[in-house]
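Novice: Take a look at this one; I'll ask things after.
Nothing in this text is a laboratory measurement; each read-out follows from the coordinates by a stated rule. Keep in mind the model is a prediction, meaning the values are calculated, not measured. FYI the Cβ positions are ideal-geometry reconstructions off the backbone, even for glycines, and counts take in every protein chain you see.
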Amino acid sequence: MNLAQILSDAAAREPERVAVALDDFTLGYGLLEQAAMRVATLLTERGVGPGERVALMLPNVPHFVLAYYGILRAGAVVVPLNVLNKRREVEYYLRDSGARLIFVWSDFMGEAQPAAQSSGCECVAIAPGEFEQTLFQTAPTETLVERRAEETAVLLYTSGTTGTPKGAELTHDNLLRNCQASRDLFDLGDGTVVLGALPLFHSFGQTCAMNTCVLAGGTLTLLPRFDPVKALQIIERDRVEVFEGVPSMYGAMLHVPDHGRYDTSTLRCCASGGAAMPVELMRSFEREFGCQILEGYGLSETSPVASFNHPDRERKPGSIGTPIAGVQMRVVDDADHEVAPGEVGEIVVRGHNVMKGYWGRPEATAEALRGGWFHTGDLARVDADGYFFIVDRKKDMIIRNGLNVYPREVEEVLYEHPAVREAAVIGMPHDEYGEEVGAAVSLKEGATATPEEIRDFVKDQIAAFKYPRRVWIVDELPKGPTGKILKREIHPPEGR
């Protein structure tokens, strides 16, 4: 098998159907496959063989899609990189993965080229217009290199929030079965229009938007850099049916002052992942946009989807739903014993979606996959119906005076304050209590509130040991490439 077969199948069914769009530019399935065939030739001519790694440092442009499937067609392994990476970071990924070649969007050559040179990796610039000419002069490779189901298709580096980034080895089978599950979840079919606002170099955007859309024969309309107004314009212009995003994207669209003037009536399904969706934000978005948000859960190591609120079952706001078909999830204590319903423990996952392991790190692999289950580091509880509720990241939990404080619970209350736009709760070192609870918040446009007012609002609604003793207001909370709030970059201002 080869994951790239999904493109060949879609091209055989509907070669003229638009596969990828970027504003006025469109690329049909037939032409997309032709381009991927030529990328495969280009790689073979440069000596890249099956199983060798090829890095991609491209934004959400059609070139990402054709290069991705071209690399797979050649039997090579895709190593997607964040386009915001600096030279030092790019060099680390190239050296760690042993990449033979890197495709780089021309705007990012300043950081990528020196990194490629110092790591002995060939660097190929992709400039719009010029790269197409190169492909036009390259013969297509008709044959698709066969790979075994368990062989690595993509090397996806984790964010490195807990140390040096590790490459999760995702197999052809991992990714194929995950996008099959996503197609069924979102009810995608021929011609379904999906907004590609999530970065394609990230697992959520790559599996749930790009691969799922190609598998279903849908149309992926791209947004290279998330902007809430532009997203609303694309939904109206292209009659988008499915939108997938992280909670901060939904918040940004909701807080566009005149969002009601955009025709978003074609939206029928929205999926949220990457971080916990505050219940108040979910309810407000659904009320304003007249659509349903399905919240799910997964990690790079799980391809990424592990659980979801299924459209044909009861949906529980605040829950990440139940495991997808073929996947098992449990909540366990520190000794890996399953805990009782309602008790908090760590989520462990087993199934077709779990990675083969961490690239070149047998010890880290053995630790993460001990007992045959992938240990996520996420804390959750399960209700009597088998629905999972994320409590927090294990490493984000605050221990104040011996008592556990889960930031997610405090954030839910903060989001209910009428002036609060976004909130993040962190632990701060404290001489007496070990840790103290702190909260960084940004306010809605035109809203006013003092830190003391916000603190007292929360204090009135939760136990005394949980409310944030210190609240500070910021213009924006730091975010990663998908828009996920980065708690590790939040620091309280000096002084009291």
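Novice: I need the calculated FRET efficiency for the pair ALA335 and HIS310, taking r as the beta carbon distance and R₀ as 25 Å, to the nearest 0.05. Intermediate values should be presented prior to the final figure.
Specialist: On the way: r = 32 Å, r/R0 = 1.26.
It comes to 0.20.
Novice: Here is a follow-up. By how many degrees, 0 to 90 and rounded to 10, does the Cα axis of helix 279-289 deviate from the longest principal axis of the chain?
Specialist: It works out to around 60 degrees.
Novice: In addition: With 10 angstrom as the radius, rank ILE390, ILE71 by how many other C-beta atoms surround their C-beta, starting from the fewest.
Specialist: Fewest to most other Cβ atoms nearby, the residues stand as ILE390, ILE71.
Novice: Name the longest site-free stretch of the chain, where the excluded sites are GluC sites (Glu not before Pro) in a DSSP loop with no more than 13 other beta-carbon atoms within 10 Å. Please report the intermediate quantities before stating the final value.
Specialist: Values: sites that count: GLU16, GLU142, GLU146, GLU150, GLU314, GLU343, GLU432, GLU445, GLU476, GLU494.
Counting only loop sites that pass the neighbour cut-off, the longest clear stretch is 151-313.
Novice: Give me the net charge of GLU244's neighbourhood, meaning all other residues with Cβ under 14 Å from the Cβ of GLU244; Lys, Arg count +1, Asp, Glu -1. Please list the in-between numbers first.
Specialist: Numbers: positive: ARG183, ARG268, LYS484; negative: ASP187, GLU241, GLU295.
Neighbour charge sum, excluding GLU244 itself: 0.
Novice: Sticking with this structure for a sec: Treating cross-link reach as a plain straight distance, find the aspartates and glutamates whose alpha-carbon is under 15 Å from the alpha-carbon of LYS466, omitting any fewer than eight places away in the same chain.
Specialist: Reachable aspartates and glutamates: ASP392, ASP396, GLU409, GLU411, GLU412, GLU435, GLU436, ASP456.
Novice: With each label point set 7 Å from Cα along the Cα-Cβ vector, what nm distance links GLU416 and ARG469?
Specialist: Distance between label points: 2.4 nm.
Novice: Scan region 406-467 for chymotrypsin sites (Phe, Trp or Tyr not before Pro) in coil per DSSP, keeping those whose Cβ has at most 15 other Cβ atoms within 10 Å, and list them by number. Walk me through the numbers before you get to the answer.
Specialist: Working: sites: TYR415, TYR433, PHE457, PHE465; in loops: TYR433, PHE465.
When the chymotrypsin sites (Phe, Trp or Tyr not before Pro) of region 406-467 are filtered for loop state and at most 15 Cβ neighbours within 10 Å, PHE465 remain.
Novice: Moving to a separate point now. Report the trypsin sites (Lys or Arg not before Pro) located in region 1-85 that are in a DSSP loop and have at most 15 other Cβ atoms inside 10 Å of their Cβ, or state none. Working shown, then result.
Specialist: Details: sites: ARG13, ARG17, ARG38, ARG46, ARG53, ARG73; in loops: ARG17, ARG46.
Those that pass, being in a loop and sparsely packed, are ARG46.
Novice: Have a look at GLY402, HIS417, GLY483 and report the one farthest towards the positive end of the charge dipole of region 398-489, computed about the Cα centre with Cβ charges (Lys/Arg +1, Asp/Glu -1).
Specialist: Ranked along the dipole, the leading option is GLY483.
Novice: Still on this structure, I have one more. Work out, step by step, the length gained on full extension between ALA139 and HIS430: first 0.36 nm times the residue separation, then minus their alpha carbon distance; give nm to one decimal. Provide the component values of the computation, followed by the final result.
Specialist: Values: separation 291, 0.36 × 291 = 104.76 nm, distance 6.51 nm.
Additional length available on full extension: 98.3 nm.
Novice: Filter the trypsin sites (Lys or Arg not before Pro) in region 395-437 to those in DSSP coil with at most 13 other Cβ atoms within 10 Å of their Cβ, and list the result.
Specialist: Working: sites: LYS395, ARG400, ARG408, ARG421; in loops: LYS395.
Those that pass, being in a loop and sparsely packed, are LYS395.
Novice: Test of understanding: what is the full-extension gain from ALA364 to GLU146, defined as 0.36 nm times their sequence separation minus their Cα-Cα distance?
Specialist: Values: separation 218, 0.36 × 218 = 78.48 nm, distance 2.95 nm.
Extra length available between ALA364 and GLU146 comes to 75.5 nm.
Novice: Antiparallel as a % of all DSSP beta bridges within the chain, to the nearest 5? Each step should come with its number before you reach the end.
Specialist: Details: 47 of 81 bridges.
Beta bridges within the chain, antiparallel portion: roughly 60 percent.
Novice: Between GLU409 and GLU489, how many nm apart are label points set 7 Å from Cα along the C-beta direction?
Specialist: Label at GLU409, label at GLU489, 2.9 nm between them.
Novice: How would you rank MET57, MET1, MET282, going from fewest to most other Cβ atoms within 10 Å of each one's own Cβ?
Specialist: Details: MET57 29, MET1 16, MET282 20.
Lowest to highest Cβ neighbour count: MET1, MET282, MET57.
Novice: Spin-label point model (7 Å from Cα, Cβ direction): what's the GLN233 to ILE462 distance in nm?
Specialist: About 3.9 nm separates the two model spin labels.
Novice: With N residues in region 398-489, what two-decimal value do you get for its Cα radius of gyration over 2.2 N^0.38 Å?
Specialist: Values: Rg = 12.9 Å, N = 92, 2.2 N^0.38 = 12.3 Å.
Computed over Cα atoms of region 398-489, the ratio equals 1.05.
Novice: Excluding GLU338 itself, calculate the net charge of residues whose Cβ lies under 14 Å from the Cβ of GLU338, where each Lys or Arg counts +1 and each Asp or Glu counts -1. Working shown, then result.
Specialist: Numbers: positive: ARG330, ARG350, ARG381; negative: ASP333, ASP334, ASP336, GLU343, GLU346.
Net of charged neighbours comes to -2.
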